[in-house]
Amino acid sequence: MNHQPILVAGATGNLGGRIARELRRRGASVRAIARQTSDPAAVAELRELGVDVVTAGTSSVADVTHACAGSACVVSALSGLRDTIVDAQTVLLQAVIAAGVPRFIPSDYSIDYTRLEPGTNRNLDLRREFLARVDAAPIKATTIFSGMFAELLTGQAPVLL
């Protein structure tokens with residue numbers, strides 16, 4: 001078994017926390033990046049699971065590179081608008097490359113926006129813009145399209161109720 005950690009960016013959030021918990025449940029070594037402003041309770045919960053939590057600013061390639069060093073893969077579960085999906089993930093991508101991490105999974109947990117006409121959805125256009133940066137980067141990447149209503153798999157969907 002590979003003991004290099006899988007780094008999860010956004011692990012203090014809902015989706016990232018789920019990813020980190022499932023990786024730990026499966027016996028993976030997990031490292032998480034947390035910002036200074038991350039919820040202390042979420043950080044404590046990750047540490048209780050055995051996750052190595054590293055504090056790093058999302059605007060510092062050097063800080064994030066240090067956090068990524070030695071990882072087998074970096075999984076992004078960052079969520080937000082341009083400042084997160086494009087800007088912060090670009091910092092993360094640059095750090096992943098600088099640290100020599102062999103695989104990157106961007107935060108693309110959505111419908112397959114590559115089949116949609118550009119300009120039809122602002123949030124998906126941001127993901128498309130970032131994916132162009134990933135595609136141009138010298139790294140292996142995996143995109144995960146979970147579909148439009150993935151929240152239905154884990155319970156009620158408040159957006160529909």
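For the reader, a short list of remarks on this structure follows.
- Exposure rank, largest accessible area first [Asp108, Asp135; 1.4 Å]: Asp135, Asp108
- Compared with the rule-of-thumb size 2.2 N^0.38 Å for a compact globular protein, the stretch 1-57 has a Cα radius of gyration ratio of 1.01.
- Taking a Cβ cut-off of under 11 Å around Ser71, the surrounding Lys, Arg, Asp and Glu residues balance to a net charge of +1, with basic ones at +1 and acidic ones at -1.
- Each stretch of four or more DSSP H residues adds -39500 (n - 2.57); spread over every residue of the chain, this sum gives -10500 deg cm²/dmol at 222 nm.
- Shape metrics for the stretch 102-149, restricted to C-alpha atoms - Rg then Dmax, Å: 10.8, 33
- Legend: residues Ser79, Ser71, sorted from most to least accessible area (1.4 Å probe; ligands, DNA and RNA excluded), read Ser79, Ser71.
- The protection proxy used here, the mean number of other Cβ atoms lying within 10 Å of each residue, ranks peptides 32-41, 137-146, 91-100 as follows, highest first: 91-100, 32-41, 137-146.
- All-pairs Cα distance distribution in the chain, expressed in whole percent, bin size 10 Å: 11, 40, 36, 13, 1
- A 1.4 Å probe over all protein chains sorts Arg31, Arg25, Arg82 by accessible area into Arg25, Arg82, Arg31, starting with the largest.
- Note on the chain: with a GNM built from Cα contacts shorter than 10 Å, the maximum mean-square fluctuation among Thr55, Thr90, Thr120 falls on Thr120.
The values are calculated or read from the model by the stated rules, or taken from the named source; none is laboratory data. The shown structure was predicted, so the numbers you read here are calculated from the model rather than taken from an experiment. When we count neighbours, we look across all protein chains shown, and the Cβ atoms used for this are built from the backbone with ideal geometry, even at glycine. What goes into the accessible areas is simple: the full protein's heavy atoms, side chains included, and nothing from ligands, DNA or RNA. Shrake-Rupley method; radii C 1.70, N 1.55, O 1.52, S 1.80 Å.
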